[in-house]
Amino acid sequence: MAKIAVADVFVADVSIINAGAPRPTPNPNVLVELGYAVAQLGWDNIILVQNSAFGGPELLPFDLRGRRTVVYDASDGSDRAKVKALLQGRLEAGLRAAMEAGPASNLASGREANLWWGEWHFDAASAGGTLFIRDVGPCGFLFDLEVSHGAHSGFITAYGRIVSRDIAYCRLSNGETEPEGELIFRRRIDNGRRIIEVEEASPCIYFRGARASFGGNFVRDREPWFDRGFMNELEIARLHRMLGKNLEKMRNCTSDVSERDNLDEEVMARVVSGGVAGLYTIMESIVMFNGNGEMWAAYIDDAMVRYFTNVPAYRNVLPKTIDDWRSGFADMPVDYCEPEMALPKLNG
């Protein structure tokens with residue numbers, strides 16, 4: 001099951017194994033794995049294969065309409081080589097279609113979309129905390145949670161398992177003698193604000209001081225590229241991995257956001273530029289990215305352009321698109337920065 005959760009595409013053979021029975025069915029073990037794959041990956045990332053020699057899709061105990069289905073006929077006496085070639089061609093076409101769409105393309109973005117990834121803050125009269133969620137996968141994420149209440153503090157780095165669309169759960173050991181601690185994460189959008197409510201369902205006393213608590217409503221700051229629907233959660237996380245602490249400076253240069261033409265046809269990238277009203281040529285940014293995970297980004301930092309990329313061939317040369325973007329302030333020097341690949345610095 002663990003391999004299914006991290007797969008890009010899941011292929012299931014749903015050929016009927018009991019043809020002629022009152023209720024024809026596929027292998028029940030395959031159905032169990034298929035159900036898990038649907039929950040973890042979604043139908044868009046699943047391909048169903050069926051040998052119609054034992055019964056067609058109409059005999060299955062579920063509806064295949066709208067699903068990625070590969071049907072072939074390998075009945076007795078058929079030309080095995082021809083059937084194999086036909087199956088291979090159809091399966092490759094199905095895989096290409098699924099991979100071209102990919103899990104990332106199914107991730108929502110925009111002001112009404114929610115996400116797990118990123119830095120979230122909780123502030124109260126005498127208490128506060130920071131939650132940073134990273135390495136988000138189909139079934140969970142890693143998180144760093146730091147809280148304080150006066151002089152009492154707490155810190156946890158652990159794994160949260162996503163149990164439904166907007167709920168995650170974490171169980172923690174409090175040592176050999178105490179009961180386990182439990183955290184529940186519930187995300188929501190409330191009056192335009194993205195919030196993760198953390199509930200300390202069972203005390204996590206091993207990780208905090210007596211009066212500190214890991215519970216609270218953690219609010220996320222704006223994310224201009226995500227909020228405007230240009231980048232999804234996976235792409236924002238990739239941008240952070242590349243810029244590290246510099247992402248906040250780039251974010252501050254990105255109030256207005258719009259698409260612009262890509263002048264580098266060989267990289268097939270989407271291009272999004274931004275700036276601050278009344279401060280263009282002083283506070284501007286640009287990011288290029290594509291479906292292969294390649295990314296290029298630049299922003300103005302005082303009287304210098306900071307440039308980052310995860311593409312080795314472009315480490316010391318600007319893409320034409322970014323060179324064109326800086327034409328209004330071409331006299332500014334360019335700092336060719338190494339990717340930061342850093343986690344945020346918490347206060348603990």
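The values are calculated or read from the model by the stated rules, or taken from the named source; none is laboratory data. This one's a predicted model, so the numbers in the text were calculated from it and none came from an experiment. Positions of Cβ are generated from backbone atoms using ideal geometry, with glycine treated the same way; all protein chains shown enter the neighbour counts.
At a glance:
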quantity: Selection count where residues are farther than 16 Å from Leu131 by Cα, in contact (Cβ under 8 Å) with a residue 24 or more places away in the chain and not aliphatic (A, V, I, L, M), scope the stretch 180-192; calculated: 2
quantity: The stretch 194-213 residues that are within 19 Å of Glu176 (Cα to Cα), paired with ones that are polar (S, T, N, Q) and outside any loop (DSSP other than H, G, I, E, B) (beta carbon under 8 Å, 6 or more apart); calculated: Arg208/Ser153; Gly209/Ser153
quantity: Positions within the stretch 1-31 being among the acidic types (Asp, Glu) and either part of a loop (DSSP other than H, G, I, E, B) or at pLDDT below 80 (or both), in sequence order; calculated: Asp8
quantity: Positions within the stretch 275-331 being among the charged types (D, E, K, R) and in contact with a Gly (Cβ under 9 Å, 6 or more places away or on another chain), in sequence order; calculated: Glu284
quantity: Residue list for the stretch 214-231, restricted to those being farther than 30 Å from Glu180 by Cα and either in contact with a Phe, Trp or Tyr (Cβ under 7 Å, 6 or more places away or on another chain) or in a helix (DSSP H, G or I) (or both); calculated: Pro224, Trp225, Phe226, Asp227, Met231
quantity: Criterion (modelled with pLDDT under 85 and either part of a strand (DSSP E or B) or of a type in the set (A, V, I, L, M, F, W, C) (or both)) met by exactly one of Ala113, Ala125, Ala158; calculated: Ala125
quantity: Qualifying residue in the stretch 196-219 (condition: over 22 Å from Phe155 (Cα atoms) and either crowded, with 20+ Cβ neighbours inside 10 Å or of a type in the set (Lys, Arg) (or both)); calculated: no
quantity: Selection from the stretch 220-233 of residues that are surrounded by fewer than 18 Cβ atoms within 10 Å (Cβ to Cβ) and more than 22 Å from Tyr280 (Cβ to Cβ); calculated: Asp221, Gly229
quantity: Evaluation of Gly94 against (1) modelled with pLDDT of 85 or more; (2) under 30 Å from Arg238 (Cα atoms) (one fails), failing number; calculated: (1)
quantity: Residue check, Ile167 surrounded by fewer than 18 Cβ atoms within 10 Å (Cβ to Cβ), modelled with pLDDT of 85 or more and either under 28 Å from Trp225 (Cα atoms) or among the aliphatic types (A, V, I, L, M) (or both); calculated: yes
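For every residue, the table says whether it meets (1) under 21 Å from Val147 (Cα atoms); (2) in a loop (DSSP other than H, G, I, E, B).
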site	(1), (2)
Tyr169	yes, no
Asn174	yes, yes
Thr177	no, yes
Ile196	yes, no
Glu200	yes, no
Arg211	yes, yes
